[in-house]
Amino acid sequence: MSSLSTQKCEACRADAPKVSDAELAELIKMIPDWVPEVRDGIMQLERVYKFKNFKQALEFTNKVGDMAEEEGHHPGLLTEWGKVTVTWWSHSIKGLHKNDFICAAKTDDVFAAL
Ligand SMILES: C[C@H](O)[C@H](O)[C@H]1CNC2=NC(N)=NC(=O)C2=N1
């Protein structure tokens with residue numbers, strides 16, 4: 001478990017600052033399986049999780065959804081046969097907030113607990 005995953009998401013307002021490049025470099029070390037990617041001009045965090053079949057992928061998707069509802073912060077989820085692509089970014093600021101790193105770490109915990 002990463003120290004990030006013990007933290008709670010805070011309300012993220014439209015004027016909240018995006019993480020700086022230096023903060024990103026530090027935070028990403030705590031979630032080494034996640035890849036920062038710019039999509040449609042928005043920096044996001046993405047990880048692909050592999051499964052043996054669709055049912056297990058769907059079970060994971062639903063557990064991530066439950067966690068997201070608890071945090072009040074929601075990912076992109078693409079569920080396919082044998083894999084789930086999870087993408088975190090903060091819609092309100094069109095970029096990355098610390099909340100996204102917290103939720104990425106919590107997503108790893110959901111996977112580890114399956
Ligand atoms: C009103 C509500 O708090 C917001 O729309 C929340 C919901 N979930 C969210 N999830 C993400 N990833 N980014 C947001 O900005 C966001 N905003």
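Structure data summary
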{"item": "Out of Leu58, Leu24, sole residue that is more than 11 Å from the chain's Cα centre (by Cα) and either under 20 Å from Gln7 (Cα atoms) or of a type in the set (Phe, Trp, Tyr) (or both)", "result": "Leu24"}
{"item": "Pairs, first modelled with pLDDT of 95 or more in the stretch 86-114, second part of a helix (DSSP H, G or I) and open to solvent by 30 Å² or more (accessible area, probe 1.4 Å), C-beta under 6 Å, six or more apart", "result": "Val110/Lys63"}
{"item": "Residue match in the stretch 53-64 (condition: within 16 Å of the ligand (Cβ to nearest atom) and open to solvent by 30 Å² or more (accessible area, probe 1.4 Å))", "result": "no"}
{"item": "Number of positions in the stretch 16-55 that are in contact with a strand residue (DSSP E or B) (Cβ under 9 Å, 6 or more places away or on another chain) and either over 17 Å from Trp88 (Cα atoms) or part of a strand (DSSP E or B) (or both)", "result": "16"}
{"item": "Residues being more than 13 Å from the ligand (Cβ to nearest atom), within 19 Å of Thr107 (Cα to Cα) and open to solvent by 70 Å² or more (accessible area, probe 1.4 Å) - total across the stretch 9-34", "result": "5"}
{"item": "Checking Thr79 against (1) among the β-branched types (Val, Ile, Thr); (2) closer than 25 Å to Lys29 by Cβ; (3) away from the ligand (no atom under 16 Å from the Cβ), the condition it does not meet", "result": "(2)"}
{"item": "Restricting the stretch 35-52 to residues that are in contact with a Phe, Trp or Tyr (Cβ under 9 Å, 6 or more places away or on another chain) and within 16 Å of the ligand (Cβ to nearest atom), the residue that is most open to solvent (accessible area, probe 1.4 Å)", "result": "Arg39"}
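The values are calculated or read from the model by the stated rules, or taken from the named source; none is laboratory data. Predicted, not measured: the structure shown is a model, and the values here were computed from it. Neighbour counts run over all protein chains shown; Cβ positions are idealised from the backbone, glycine included. Surface accessibility is based on the protein's heavy atoms, side chains included, excluding ligands, DNA and RNA. Shrake-Rupley method; radii C 1.70, N 1.55, O 1.52, S 1.80 Å.
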